[in-house]
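The structure appears right after this line, and notes come after that.
What follows is calculated from the coordinates using simple rules that are stated; it is not laboratory data. The shown structure was predicted, so the numbers you read here are calculated from the model rather than taken from an experiment. Quick reminder, even Gly has a Cβ in these numbers, built from the backbone with ideal geometry, and neighbours come from all protein chains shown.
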Amino acid sequence: MRPFTYQKAATAADAVSAIAAGGAGTRFLAGGTTLYDLMKLNVEVPSHIVDINSLSELKAFDTSGSNNWSLGRFARMSDVAADPRLIRDYPALSESLWRAASQQLRNMASLGGNLLQRTALRLLSGRRNRSPATSASPASGCAARKASIAATLCWAGANPALPFYPGDFAVALVAFDAKVDVLGPGGRRTI
């Protein structure tokens with residue numbers, strides 16, 4: 001790993017300010033199940049890390065509402081997957097989390113981290129945002145075609161390769177027309 005500076009955010013607003021001030025080399029640290037691995041491989045080389053694990057308001061989740069739920073960014077995948085209401089009324093959401101990883105990872109990984117996974121092609125190429133499949137020239141080819149798992153990474157079509165999203169939780173949220181509230185340097189918005 002390469003050296004980096006570390007900051008612990010006291011509030012969500014502090015975290016957003018730190019990311020905005022730090023620029024492109026700044027990353028959030030939450031569960032860390034992916035960031036640590038990517039740092040070890042030099043795929044992620046942040047110059048500054050903002051630890052947001054202590055933001056307790058983002059850990060809670062509440063499924064008691066009839067139409068609106070609150071699934072905190074730091075709610076652990078295993079906790080949400082075990083929620084009785086999700087299991088009963090929205091089993092696709094619960095199952096998407098149960099099938100996502102090993103029990104050890106589900107106990108540590110957060111919902112937000114699960115949603116923000118990098119595409120498999122970028123991980124395979126090891127070059128952030130410079131894979132031919134994500135470049136402006138789609139005809140440049142697919143870095144995964146030479147790999148033994150090329151059939152699962154490259155889709156046929158107009159673009160020789162499209163990176164695929166490795167998670168199921170986001171797909172299940174889309175199936176239920178979910179909306180996600182986010183806070184960023186530009187303020188709050190709903191996706």
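Electrostatic bookkeeping for VAL50 treats Lys and Arg as +1 and Asp and Glu as -1; over the other residues with beta carbon under 14 Å from its beta carbon, the sum is 0.
Coordinate range of the alpha-carbon atoms in segment 1-56 per principal axis, descending: 30, 22, 14 Å. Each label point was placed 7 Å from the Cα along the Cα-to-Cβ direction; for LYS40 and LEU115 their separation is 2.8 nm. In this simple spin-label model, placing a label point 7 Å from the Cα along the Cα-to-Cβ direction at both VAL182 and ASP62 gives a separation of 2.4 nm. The mean sequence distance of close C-alpha pairs (under 8 Å, at least 6 residues apart), as a share of the length of segment 1-56, puts its relative contact order at 55 percent. Partner aspartates and glutamates whose Cα lies under 14 Å from the Cα of LYS8, excluding those fewer than 8 positions away in the same chain, are identified as ASP51.
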